[in-house]
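*Asks:* Just passing along the structure, written as structure tokens.
Laboratory data are not the source of any read-out in this text; all were calculated from the coordinates shown. No experiment lies behind these values; they were computed from the predicted model shown. Ideal geometry is used to build each Cβ from the backbone, glycine not excepted, and the neighbour counts take in all protein chains shown.
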Amino acid sequence: MNTLIRIVLLGVAMLVGSVQAADPLVITSGTDRATPIAVVPFGWQGGTVLPTDIAEVVGNDLRNSGYFEPIPRQNMISLPTQASEVIFRDWKALGAQYVMVGSIVPAGGRLQVQFALFNVTTEQQVMAGNVSGSTDQLRDMAHYIADQSFEKLTGVKGAFSTRMLYVTAERFSVDNTRYTLQRSDYDGQRAVTLLQSREPILSPRYAPDGRRIAYVSFEQKRPRIFIQHIDTGRREQITNFEGLNGAPAWSPDGNRLAFVLSKDGNPEIYVMDLGSRQLRRVTNNMSIDTEPFWGADGQTIYFTSDRAGKPQIYKVNINGGEPQRVTFVGNYNANPKLSADEKMLVMIHRQDGFTNFKVAAQDLTRSGSAPRILSGTSLDDSPTVAPNGTMLIYATRQQGSGVLMLVSTNGRVRIPIPTVQGDIREPSWSPYLN
């Protein structure tokens, strides 16, 4: 839900391959600059031009993490592309710390991709691998190679093979808007339609298994929560309560769903066991409690509440107890998301004395830590964090339209995500997919 809508609600109702590798070569995010890496165009022995440039995709993936800075391609034109021909002094002269080379060979109607990664400083090969697939799977293979390289060099599992959900709104006339739920690669490529409606679709969320999604649909002229199976398209209505039914959030085990209901008056957080459909009320306050997000223990829920007068983030145990306030800096903190290791809290933040809403991250390992601004835009909304915590995507406004932006959590990269036509909103990052 975009920031303007949220303000209204809060104010009115308070709403397949193999890789040979040794031990990881850990590059930390605490370095002063991104690590320079050369991803050389892969050699291709076929007769036609391939529809996807694997090296370009790999380089973009590594750049998006904020850990690496690819060497510009024009600087590599005269340098060799085969592993047996790597001359380290040339790459040292370009300032590269690592260099990746690869080749693509037709094999029985498929493509066989081989790749190798070298440490320019030590002049040693640090990884080699291969992966195969069809021409249509070139992007999958590129993301796979980027994942393997990232994990080898950082010790952190790569997240480039994950997916993203988002909603588009195309307005054809005053009373004719088409809403579409899309699924794409994490970088916005290869979008496919999962659902279309003439009524709003809000808050799509991936289940931990990556096979189901939950979202809010207004197809009955009022908000109701649905679960949809991605592979089959089968849909199941989960709630049909009076008033607000919104903000679904999956538990870590995928067996429960937290959401917001106003059936008993003001908006409160509830948890439903999806097997028994048993409903449990978690919060009970005259304020507006909304936007639940589960902690990894499956017992703690972070949420937004205005019980202190303005929206701030709290956490509560679903089995009882008094909610604890988490954010104290700024006059607006909402839409909490946690990194996988729960060391970082991502939120929509407004600083005291300012009117712009920014994406910010707070270090939960340091008591009293102030939020760190990550975005360079305003009117930001709906942050969603990569499963490895290195990147996040959020919705914002540019030239009057909704767009998606990607930012690395170390703040080094801020880029727009290319998507299909329409007003784009409500991004949601998938878990790791098998």
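*Asks:* Would you grab the residues whose amide H sits under 5 Å from the one on Ala340? Only those 5+ places off in sequence or on another chain, please, with H modelled 1.01 Å from N.
*Replies:* HN-HN under 5 Å from Ala340: Gly389.
*Asks:* Run down the aspartates and glutamates and flag those whose C-alpha is under 15 Å from the C-alpha of Lys152, throwing out any fewer than 8 positions away in its chain.
*Replies:* Asp23, Asp61
*Asks:* Continuing with this model, one more query. Reachable lysines from Lys157, Cα under 27 Å, same-chain residues fewer than 8 places away excluded?
*Replies:* Lys337, Lys343
*Asks:* For the chain, what does -39500 (n - 2.57) per DSSP helix run (n ≥ 4), summed and divided by total residues, give at 222 nm, in deg cm²/dmol to the nearest 500?
*Replies:* For the chain, the value works out to -3000 deg cm²/dmol.
*Asks:* Follow-up. Can you list the lysines whose alpha carbon is less than 20 Å from that of Lys221, not counting same-chain residues fewer than 8 positions off?
*Replies:* Within the straight-line cut-off, Lys221 pairs with Lys263.
*Asks:* Could you compute Rg(Cα) / (2.2 N^0.38 Å) for the chain, with N its residue count?
*Replies:* On the way: Rg = 23.0 Å, N = 434, 2.2 N^0.38 = 22.1 Å.
Normalised Rg, Cα atoms only: 1.04.
*Asks:* I need the chymotrypsin sites (Phe, Trp or Tyr not before Pro) found in segment 276-336, filtered to DSSP loop residues with at most 16 other beta carbons within 10 Å of theirs.
*Replies:* Here the sparse-neighbourhood loop sites are Phe328.
*Asks:* Roughly how far apart, in whole Å, are the Cα centres of segment 326-358 and segment 131-199?
*Replies:* 26
*Asks:* Tell me, what ³J(HN,Hα) does each residue in segment 160-175 have, in order and in whole Hz, if you take phi through Karplus 6.51 cos²θ - 1.76 cosθ + 1.60 with θ = phi - 60° and put x for Gly and Pro?
*Replies:* Coupling constants for segment 160-175: 7, 8, 7, 10, 9, 9, 7, 10, 10, 10, 10, 9, 9, 7, 4, 10 Hz.
*Asks:* Quick one: Karplus J couplings for segment 387-404, per residue in order, coefficients 6.51, -1.76, 1.60, θ = phi - 60°, nearest Hz, x for Gly and Pro?
*Replies:* With the stated coefficients, segment 387-404 comes to x, 9, x, 8, 9, 9, 10, 9, 9, 8, 10, 9, 6, x, 10, x, 9, 10 Hz.
*Asks:* Sticking with this one: Packing-wise, with mean Cβ within 10 Å as the measure, how do 274-280, 226-232 rank, highest first?
*Replies:* Values: 274-280: 11.4, 226-232: 15.0.
Per-residue mean Cβ counts within 10 Å order the peptides as 226-232, 274-280.
*Asks:* Could I ask something else about it? Can you compute 3J(HN,Hα) from phi for each residue in segment 119-135, using the Karplus curve 6.51 cos²θ - 1.76 cosθ + 1.60 with θ = phi - 60°, rounded to whole Hz and x for Gly and Pro?
*Replies:* Along segment 119-135, the couplings run 8, 5, 5, 8, 6, 10, 6, 10, 6, 9, x, 8, 8, 10, x, 7, 4 Hz.
*Asks:* Could you pull out every residue, at least 5 positions away or on a different chain, whose amide H is within less than 5 Å of the one on Ile269? Hs are placed 1.01 Å off N in the peptide plane, and Pro or chain starts have none.
*Replies:* Placed amide hydrogens put Val282, Thr283 under 5 Å from Ile269.
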